[in-house]
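Chemist: Structure provided below as structure tokens; questions to follow.
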Amino acid sequence: QVQLVESGGGLVQAGGSLRLSCAASRSIVSFNTMGWYRQAPGKQRELVATLTRTDTTYYADSVKGRFSISRDNVKNTVYLQMNSLKPEDTAVYYCNGATILRTYWGQGTQVTVSS
């Protein structure tokens, strides 16, 4: 019943920027934690960033200072602003929303950074 719809992925050159969006079918204030994950070819899915209901953020060391997670409660949308992109950032990025009882996932969006 709950759906997360992602957009904003694409092809960008190293040093460029992208903003990913995740639109939820219900109020995002109902999620305890929202986050972004990514999975590169041949690697496990890894946590990129999280944002709690109390506005606490967490970032993986590999993206600190370059990525920023935010939300717009009116638009029911979570964002991931990605700056200074590197080829190592190439992956499928997934939106995630967690409640006490379960976790929801988006369909994933491809981000490709060329050198």
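Chemist: How do the strands (runs of 3 or more DSSP E) wholly within region 46-86 filter down when requiring 1 or more residues that are of a type in the set (Gly, Ala, Ser) and either touching a strand residue (DSSP E or B) at 6+ places or on another chain (Cβ under 8 Å) or open to solvent by less than 30 Å² (accessible area, probe 1.4 Å) (or both): which remain?
Modeler: Where strands (runs of 3 or more DSSP E) fall fully within region 46-86 and carry at least 1 residues being of a type in the set (Gly, Ala, Ser) and either touching a strand residue (DSSP E or B) at 6+ places or on another chain (Cβ under 8 Å) or open to solvent by less than 30 Å² (accessible area, probe 1.4 Å) (or both), they are 46-52, 67-72.
Chemist: While we're looking at this one, here's another question. Would you check which residues across region 19-38 are more than 13 Å from residue 104 (Cβ to Cβ), part of a strand (DSSP E or B) and open to solvent by 30 Å² or more (accessible area, probe 1.4 Å) and list them?
Modeler: The one that is more than 13 Å from residue 104 (Cβ to Cβ), part of a strand (DSSP E or B) and open to solvent by 30 Å² or more (accessible area, probe 1.4 Å): 19.
Chemist: Criterion first (open to solvent by less than 50 Å² (accessible area, probe 1.4 Å) and either modelled with pLDDT under 95 or touching a strand residue (DSSP E or B) at 6+ places or on another chain (Cβ under 6 Å) (or both)) does residue 92 satisfy it?
Modeler: yes
Chemist: When region 1-18 is examined, which residues are found to be closer than 16 Å to residue 83 by Cα and either touching a helix residue (DSSP H, G or I) at 6+ places or on another chain (Cβ under 7 Å) or not in a strand (DSSP E or B) (or both)?
Modeler: Matches in region 1-18: 8, 9, 14, 15, 16, 17.
Chemist: On the given criteria, is residue 66 at pLDDT below 95 and over 13 Å from residue 6 (Cα atoms)?
Modeler: No, not satisfied.
Chemist: Restricting attention to region 91-115, report how many residues are within 14 Å of the chain's Cα centre (by Cα) and assigned to a strand (DSSP E or B).
Modeler: Residues in region 91-115 being within 14 Å of the chain's Cα centre (by Cα) and assigned to a strand (DSSP E or B): 13 in total.
Chemist: Exactly one of these conditions fails for residue 88: (1) closer than 13 Å to residue 22 by Cβ; (2) more than 12 Å from the chain's Cα centre (by Cα). Give me its number.
Modeler: That leaves (1) as the condition not met.
Chemist: I'm told residue 15 meets every condition in (1) touching an Asp or Glu at 6+ places or on another chain (Cβ under 8 Å); (2) open to solvent by 40 Å² or more (accessible area, probe 1.4 Å) except one. Can you identify the failing condition by its number?
Modeler: Looking at each condition in turn, residue 15 falls short on (1).
Chemist: Kindly evaluate residue 26 against the criterion of being modelled with pLDDT under 95 and touching a helix residue (DSSP H, G or I) at 6+ places or on another chain (Cβ under 9 Å).
Modeler: no
The values are calculated or read from the model by the stated rules, or taken from the named source; none is laboratory data. None of the values given here were measured: they were computed from a predicted structure. Positions of Cβ are backbone-derived with ideal geometry, glycine not excepted, and every protein chain shown enters the neighbour counts. Note: areas computed on protein heavy atoms with side chains; ligands, DNA, RNA excluded. Shrake-Rupley method; radii C 1.70, N 1.55, O 1.52, S 1.80 Å.
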